[in-house]
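Notes for the one structure printed next.
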Amino acid sequence: MKRYLLLLLAALSSGANATSFTLPIWKEKAEALGYELPKPIGFSIGYMSMEQGINVDSIKLQGVIPPKLEKLVGLDLAANEGIQKTDVISFRTDVWIFPFLNVYAMVGKLSGYSQTDVDATASVNIPGFWPIWPEINESHTFKIPNFKLDLDGYTKGVGIVLAGGHNQWFGLVDASFSQSTLTVIDGEINAWVISPRVGYDFASHGVPVRLWAGAMYQDVEQSLSGKLSDLNLFGKTRSLGLDDATFHVEQHLTTPWNPLIGAQYEITKSWNLLGEVGLGDRQSLFVSLERRF
């Protein structure tokens, strides 16, 4: 995808040199109406740190109880609400196709973890043979604190931005899809993100700053699995005979929406510095440095 986009940008650039074609399309019409447009092609490097709540839908363990004892011994797991922390370093390239439409692609490195406490209930059900021994039917509940899953991996995604404005006021909607492939454990994180924003441009007042407020919506599916020994829940699993035991976790975010506030400082016509903060139940910090051509 990244290679395809770079080839597309190169073709567009060479086409612009060979003919009078320029980006964005309808640039002259927009400028004739008084709109000041950014340079059409951009590259940026960004960093985001985020902390949010998660709900664990299910936890399944396999290989913990020997197959011959599965009918006699049971283990049920129920997770409490937990937290997820992630840090992402990303590289992004974008192009303004029309004055109101921007498309982009990004790749990045993801690191972080999700953590929750788990209530485990172990039960034993052994039928009795009276009068030799009575029936055994017992259960015991214990906690597994800090059930932690490493979320290190790589992420890639694509998105579009629809933008418009009137005088110094502007509005935009950013919609993207990203997929993260994990390395420490098996699994993928698929995320749809939609972020509407409304802001004010102070450039006409002699200050090259834009301020905005908005909101972020995230629809995230997390399906994670791996070896139980990778989690180090019980110390050395080899001594417990759990080398081949595996886990599978399905979880989702507790809060889909959260508010945003942000600012962009235009260092020059070619360089921009951007910062944005997420508030509420999902707290985040995002900064990026952009170069436009």
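Bear in mind that the values in this text are calculations on the coordinates, not laboratory data. These figures come from a predicted structure and were not determined experimentally. A quick note on method: Cβ atoms are made from the backbone with ideal geometry, for glycine too, and the neighbour counts reach across all protein chains shown.
Structural remarks
- The simple spin-label model puts a point 7 Å past each Cα toward its Cβ; for I136 and H248 those points are separated by 3.0 nm.
- HN-Hα J in Hz across segment 257-262 - Karplus 6.51, -1.76, 1.60, θ = phi - 60°, x for Gly and Pro: 10, 7, x, 10, 9, x
- Karplus-derived HN-Hα couplings along segment 52-59 (A = 6.51, B = -1.76, C = 1.60, θ = phi - 60°), whole Hz, x at Gly and Pro: 8, x, 10, 10, 8, 6, 7, 10
- Scanning residues 5 or more positions from V184 or on other chains, those with amide H under 5 Å from its amide H are D152, with H placed 1.01 Å from N in the peptide plane.
- Summed side-chain charge close to A263 - residues other than A263 whose Cβ falls under 15 Å, Lys, Arg +1, Asp, Glu -1: -2
- Environment charge at W169 (Cβ cut-off 13 Å; Lys +1, Arg +1, Asp -1, Glu -1): +1
- Summing charges over neighbours of I194, with a neighbour being any other residue whose Cβ is under 14 Å away from its Cβ, gives 0 when K and R count +1 and D and E count -1.
- With contacts taken as Cα pairs under 8 Å and at least 6 residues apart, the chain reaches a relative contact order of 19 percent.
- Mean residue ellipticity, 222 nm, helices only, the chain: the sum of -39500 (n - 2.57) across DSSP H runs of n ≥ 4, divided by residue count and rounded to 500, is -2500 deg cm²/dmol.
- Residues whose amide H lies under 5 Å from that of F147, counting only those 5 or more places away or on a different chain, are T116, D117, V118; hydrogens are built 1.01 Å from N in the peptide plane.
- Once the Cβ-Cβ distance of I261 and N190 is raised to the sixth power relative to R0 = 25 Å, the FRET efficiency obtained is 0.40.
- Taking 30 Å as the limit for the C-alpha separation, the pairs K39/K156; K27/K85; K29/K109 exceed it in the case of K27/K85; K29/K109.
- Two-decimal Rg/Rh across the chain, once Rg and the Kirkwood Rh are taken from alpha-carbon atoms: 1.16
- Placing dummy labels 7 Å off each Cα toward the beta-carbon, the span from V209 to F129 is 8.4 nm.
- Under the combined filter of DSSP loop state and at most 16 neighbouring Cβ atoms within 10 Å, segment 171-227 retains these chymotrypsin sites (Phe, Trp or Tyr not before Pro): F202.
- Extension gain from K109 to K39, taking 0.36 nm per residue of separation minus the Cα-Cα distance: 22.5 nm
- Virtual spin-label span in nm between F177 and D281, 7 Å along Cα→Cβ: 2.6 nm
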